[in-house]
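This report concerns only the one structure given below.
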Protein chains: 4
Amino acid sequence: MTNQTLILIQCRDAVGLVATISNTVANHGLNIVTMREYVDEAANRFYVRIVCAGQAEDNDRLTADLTVALPEGATVVVNPPEQKRLAILVTKEHHCLGDIIVRHFFNTLDAKVCCVVGNYDTLRAFTERFDIPFHHISHESKSKEQFEEEVAETVETYQPDYLVLAKFMRILSSDFVSRYPGRIINIHHSFLPAFIGANPYKQAHERGVKLIGATAHFVTDDLDQGPIIAQDIKPVNHSFTVKDMVRAGKEVEKSVLSKALRMVIEDRVIITGNRTVVFE
Amino acid sequence: MTNQTLILIQCRDAVGLVATISNTVANHGLNIVTMREYVDEAANRFYVRIVCAGQAEDNDRLTADLTVALPEGATVVVNPPEQKRLAILVTKEHHCLGDIIVRHFFNTLDAKVCCVVGNYDTLRAFTERFDIPFHHISHESKSKEQFEEEVAETVETYQPDYLVLAKFMRILSSDFVSRYPGRIINIHHSFLPAFIGANPYKQAHERGVKLIGATAHFVTDDLDQGPIIAQDIKPVNHSFTVKDMVRAGKEVEKSVLSKALRMVIEDRVIITGNRTVVFE
Amino acid sequence: MTNQTLILIQCRDAVGLVATISNTVANHGLNIVTMREYVDEAANRFYVRIVCAGQAEDNDRLTADLTVALPEGATVVVNPPEQKRLAILVTKEHHCLGDIIVRHFFNTLDAKVCCVVGNYDTLRAFTERFDIPFHHISHESKSKEQFEEEVAETVETYQPDYLVLAKFMRILSSDFVSRYPGRIINIHHSFLPAFIGANPYKQAHERGVKLIGATAHFVTDDLDQGPIIAQDIKPVNHSFTVKDMVRAGKEVEKSVLSKALRMVIEDRVIITGNRTVVFE
Amino acid sequence: MTNQTLILIQCRDAVGLVATISNTVANHGLNIVTMREYVDEAANRFYVRIVCAGQAEDNDRLTADLTVALPEGATVVVNPPEQKRLAILVTKEHHCLGDIIVRHFFNTLDAKVCCVVGNYDTLRAFTERFDIPFHHISHESKSKEQFEEEVAETVETYQPDYLVLAKFMRILSSDFVSRYPGRIINIHHSFLPAFIGANPYKQAHERGVKLIGATAHFVTDDLDQGPIIAQDIKPVNHSFTVKDMVRAGKEVEKSVLSKALRMVIEDRVIITGNRTVVFE
């Protein structure tokens, strides 16, 4: 990517934005290779992701020139940090963590796993085999407030760009979530039709669903209702036991979270209201 | 299928059922080609679908011999009617009806569409092009009871095996549903996560889902909660308008209903509690 | 679409093309709603599909202004005809024709089926039920040259934009194909791994494939090797007979051709060398 | 699985086989839970996989009784070894190995990875992190015969049930393959349409395919033509570079090999001629 410039812009929609942006970019000697834009008409917002060949002489001036040329309040990011830092939060299930760490080890994640925090100690041995720090912070015999404070303190020593809830089974408070707006990614099982409450796979089995799904989303105050990044399903049938459904669910959770992370890491995801724009 | 015998059995689970059944079948000179069985352990029920090469000399005696040999209360069906009769109920949307009628016309449905009943007249022209009777029974200016009575009367003159709700947008009463237990098939949009209430596609769009789904199910008293026969999804993305999502939804509804009908028509679907066993 | 302008451009790649284009468009008072572009680096070609809000006062001047501003040899199309005209060529199989004609009947094809030409008479009855002209042109007792001449003569009286080979089982000569460059669309079964020669489904069955596929492509001189527009698959398994595989194949052929047609009809497909760019 | 008995049978097809088998099984006090059978009519062969509740008092006698009762030449296996031993052969690519080893580490593979053999040393560090022996056997400066002899010698010290070619990029000789009939599993990229020869992804990119696939198969003399166990695809589009296609290909290879291994490990795969029966 060293010979490319990535530009991310969002602003109020207006006539002539593409002309304005492309002129400014051309004035800095950059040639647009791909440009993906989206207008959220309901919100009157314009979003664009531009990959240019070449590097501007001065990224700060490019940023400033774009900001001046665009409607007031525009957000312009030129070359966001390439190597995102991830803090992974886990409980006991390993399928998502295993996938992330192996990709990290082989340098195909394009991000750095800076630490793993578990409210159980179960996944320490695996994590430490890859020389990644593992912190066991139990949620037991303490208030949620105190537990989250400890997690936040630990996590923040690593200055992560994103917190990834890789089957982290504690519900986070609004207070905690609001510290990391648009920076917490969760993976959640999903079903057609949906089941709420305990034992969703048991409910799904009793109902005889023919699909098992998963949803990766940003975490907001509203539990499991944040902007969706990626979703997928696997077919199941009547011969699947609850255990078989759980296994199928893990496969799809792993693969959906992996895709969502790649999209986020490559700066392809923009949050607009309670939706995402994903420039695949 | 003329040189094959299809046997469907359900009964209380017990030791040695397969031996009992296969001995009885062999005594009638039939050779088992495929046998698919399922035990619902929670319900202690045994289900089997057997295809045999050849025809028994006397199907009634085969049925009787099997019934005697099996645990009390067993249901045994030998060679269910091959040509099922379908009554299709519609409102205004054509995508599912179009698919069913074209398959019917080209003899690939393996069932007879005996009539179409619409609470609007919209789909008459299409239906009548294929020489299929169309009955317009408006739901307006009459009670639900009276409306359903008219529908039932009309439908019953055709003695259908199944009622197919091919985007029929009226909610049927328990009374109506209970006349056709396990014989009404509906197609329903579904989403991950699910949306309840009006304008589900608008809700899905606002939430930014990445999948649009559909569920074909038997209709029971509990609205949209009957045993699921088939489900599928199509991927969507942020660039889909509500209208695009509706179009994607129609494609998947059409294809899921088509698959569910084929499974039912080929006697591959068994209802067990609130689930189905589908011997694909 | 009446309040939108669609612009399709292809030209040699160069620095500043997006700026040039967006300036010219803005000068004509149009606001870009979506812009999808692609650079084929190997071929040094630039392709863009732009949807603008509003209508230019003078489309011819807009076209001329864009052409002048762009590198020599640019192709600029402003508002291509919305209602494409399709001539459908068939043999005996109905699954693709049925799908196309039903969509046409219900105005969801966004194109006009102007005629159906069959080298057998099999599909006349179906076609004529929809008041679409059907021409039976037998290939028997005449040279390929003569047969194709008759087809061309018939087809051309309808001035179609595209010829759709909806399971047309005659191989077209280079001469015929070269009359309609980029305007003949075919649907072809495909397998993993591929099978060449007679009875591909029999071969696929003997090999025990687990997927059945289909490919919609533009027809070029090189049989079945033209630019691919759309592909999809359906899973199969060992229990599928050859006949079952054929049926599964038809479902996927129908759905892939339908998707390809929609992409072409909405001017989303551009041929670049032997590939397509599909701006979904 | 300790309270279940798994029975695998294949024999010449004949009338009454299911009766014969189920009687014999019942005589040993076992109750059939699931029974999946398949008749290869072309080959006149019968295959069955039976799961029974309970354990026979004497498995050897059960095996003998079944063998006597069945047509001559029947193969009967009662309770095949549950913990299969796998020897993994690799070159430099890590995606399949990573997946297998992580599943192994967390005990979800239901098999034992007894060793990894690489013709390069690239994957040693990863393998050894999991305390699995890694053997580097270079193919350089020696004959294929000698290389394969060294591989065989090394592998055989571990007495593996299966050899898994997890992106092993050397072509194995007939001699080598014939030592392990039905015991070598390979993962192979596949395309629609297929590309043979060097750089398949480059060819696929040039052709503009819309799907990237993978095929897991048993290795036979006929290179890449052995019985297929599992296949799957991922959609791609014109914006995918060759590198993007390779990445998509790796995801699908990993997931297809993983599925094939699970099927083999659970004794769900039977080879019949050049096909497999997979009792999913």
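The values are calculated or read from the model by the stated rules, or taken from the named source; none is laboratory data. Computed from a prediction, not measured in an experiment: that's the story for all the values here. Methodologically, a virtual Cβ is constructed for each residue, glycine included, from the backbone with ideal geometry; neighbour enumeration extends over all protein chains shown. For accessibility, only protein heavy atoms count, side chains too; no ligands or nucleic acids. Shrake-Rupley method; radii C 1.70, N 1.55, O 1.52, S 1.80 Å.
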Looking at C:I185, is it surrounded by fewer than 16 Cβ atoms within 10 Å (Cβ to Cβ) and assigned by TED's automatic domain parsing to the domain that holds C:G273? no
For the range B:1-23, how many residues are surrounded by fewer than 21 Cβ atoms within 10 Å (Cβ to Cβ), touching a helix residue (DSSP H, G or I) at 6+ places or on another chain (Cβ under 8 Å) and more than 22 Å from B:T272 (Cβ to Cβ)? 1
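Taking the range A:205-248 as the region of interest, how many residues are among the basic types (K, R), surrounded by fewer than 22 Cβ atoms within 10 Å (Cβ to Cβ) and more than 14 Å from A:H189 (Cα to Cα)? Break it down into steps so the answer makes sense when it comes.
So the first thing to find is which residues in the range A:205-248 are among the basic types (K, R), and the list is A:207, A:210, A:234, A:243, A:247.
From what's left, surrounded by fewer than 22 Cβ atoms within 10 Å (Cβ to Cβ): A:207, A:234, A:243, A:247.
Going one step further and asking which of them are more than 14 Å from A:H189 (Cα to Cα), we end up with A:207, A:243.
Residues in the range A:205-248 being among the basic types (K, R), surrounded by fewer than 22 Cβ atoms within 10 Å (Cβ to Cβ) and more than 14 Å from A:H189 (Cα to Cα): 2 in total.
Tell me, which residue of the range B:124-158 that is open to solvent by less than 40 Å² (accessible area, probe 1.4 Å), within 14 Å of another protein chain (Cβ to nearest Cβ) and in a loop (DSSP other than H, G, I, E, B) is farthest from B:C114 (Cα to Cα)?
The qualifying residue farthest from B:C114 (Cα to Cα) is B:F130.
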Scan of the range D:213-225 for residues that are more than 10 Å from every other protein chain (Cβ to nearest Cβ) and either at pLDDT below 95 or in contact with a helix residue (DSSP H, G or I) (Cβ under 7 Å, 6 or more places away or on another chain) (or both), ordered by number: D:V219, D:T220, D:D221, D:D222, D:L223
Going through the range A:249-280 one residue at a time, which ones are more than 18 Å from A:G98 (Cα to Cα), touching a strand residue (DSSP E or B) at 6+ places or on another chain (Cβ under 8 Å) and open to solvent by 50 Å² or more (accessible area, probe 1.4 Å)? A:R268, A:I271, A:G273
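Residue under question is B:E93, and the condition is that it be open to solvent by 10 Å² or more (accessible area, probe 1.4 Å), within 30 Å of B:H135 (Cβ to Cβ) and either assigned to a strand (DSSP E or B) or not small (G, A, S) (or both); does it hold? First the steps, then the outcome.
Values: open to solvent by 10 Å² or more (accessible area, probe 1.4 Å): yes; within 30 Å of B:H135 (Cβ to Cβ): yes; either assigned to a strand (DSSP E or B) or not small (G, A, S) (or both): yes.
Yes.
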Look at D:L109 and say whether it is at pLDDT below 95, within 13 Å of chain A (Cβ to nearest Cβ) and either open to solvent by less than 40 Å² (accessible area, probe 1.4 Å) or part of a helix (DSSP H, G or I) (or both). yes
Cβ-Cβ below 9 Å, separation at least six or inter-chain, first residue in the range A:91-102 and of a type in the set (K, R), second open to solvent by 10 Å² or more (accessible area, probe 1.4 Å) and not in a helix (DSSP H, G or I): which pairs? A:K92/A:Y120; A:K92/A:T122; A:K92/A:K167; A:K92/A:M169
The one condition in (1) under 23 Å from A:R85 (Cβ atoms); (2) in contact with a Lys or Arg (Cβ under 7 Å, 6 or more places away or on another chain) that A:P235 fails to fulfil: (1)
In the range A:38-69, the residues that are in contact (Cβ under 8 Å) with a residue 40 or more places away in the chain and touching a Phe, Trp or Tyr at 6+ places or on another chain (Cβ under 6 Å): A:Y38, A:Y47, A:R49
Cβ-Cβ distance below 6 Å, separation of 6 or more or different chains: which pairs start in the range C:255-280 with a residue that is within 11 Å of another protein chain (Cβ to nearest Cβ) and among the hydrophobic types (A, V, I, L, M, F, W, C) and end on one that is open to solvent by less than 20 Å² (accessible area, probe 1.4 Å) and in a helix (DSSP H, G or I)? C:V269/C:M263; C:V278/C:M263
What pairs can you find where one residue is in the range C:233-250 and more than 10 Å from chain D (Cβ to nearest Cβ), the other is polar (S, T, N, Q), and their Cβ atoms are less than 8 Å apart, with a gap of 6+ or different chains? C:R247/B:T108
Would you confirm whether or not the range D:70-77 contains a residue that is free of Cβ contacts under 8 Å to residues at least 24 places away in the same chain and surrounded by fewer than 15 Cβ atoms within 10 Å (Cβ to Cβ)? no
Pairs, first in the same structural domain as A:F168 (by TED's automatic domain parsing) and under 8 Å from A:T91 (Cα atoms) in the range A:111-122, second part of a strand (DSSP E or B) and open to solvent by less than 10 Å² (accessible area, probe 1.4 Å), C-beta under 6 Å, six or more apart: A:G118/A:V90
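In the range B:213-234, is there at least one residue being over 26 Å from C:K259 (Cβ atoms) and touching a Leu at 6+ places or on another chain (Cβ under 7 Å)?
At the first step, the residues of the range B:213-234 found to be over 26 Å from C:K259 (Cβ atoms) are B:217-228.
Remaining after also requiring touching a Leu at 6+ places or on another chain (Cβ under 7 Å): B:219.
Yes, the range B:213-234 contains a residue that is over 26 Å from C:K259 (Cβ atoms) and touching a Leu at 6+ places or on another chain (Cβ under 7 Å).
Being among the β-branched types (V, I, T) and either surrounded by fewer than 23 Cβ atoms within 10 Å (Cβ to Cβ) or in contact with a Ser or Thr (Cβ under 6 Å, 6 or more places away or on another chain) (or both) is the filter here, so list the residues in the range B:164-182 that pass it.
We begin by selecting, within the range B:164-182, every residue among the β-branched types (V, I, T); these are B:164, B:171, B:177.
Selection gives B:I171, B:V177.
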Check on D:V18, part of a helix (DSSP H, G or I) and either in contact with an Asp or Glu (Cβ under 8 Å, 6 or more places away or on another chain) or in contact (Cβ under 8 Å) with a residue 40 or more places away in the chain (or both): yes
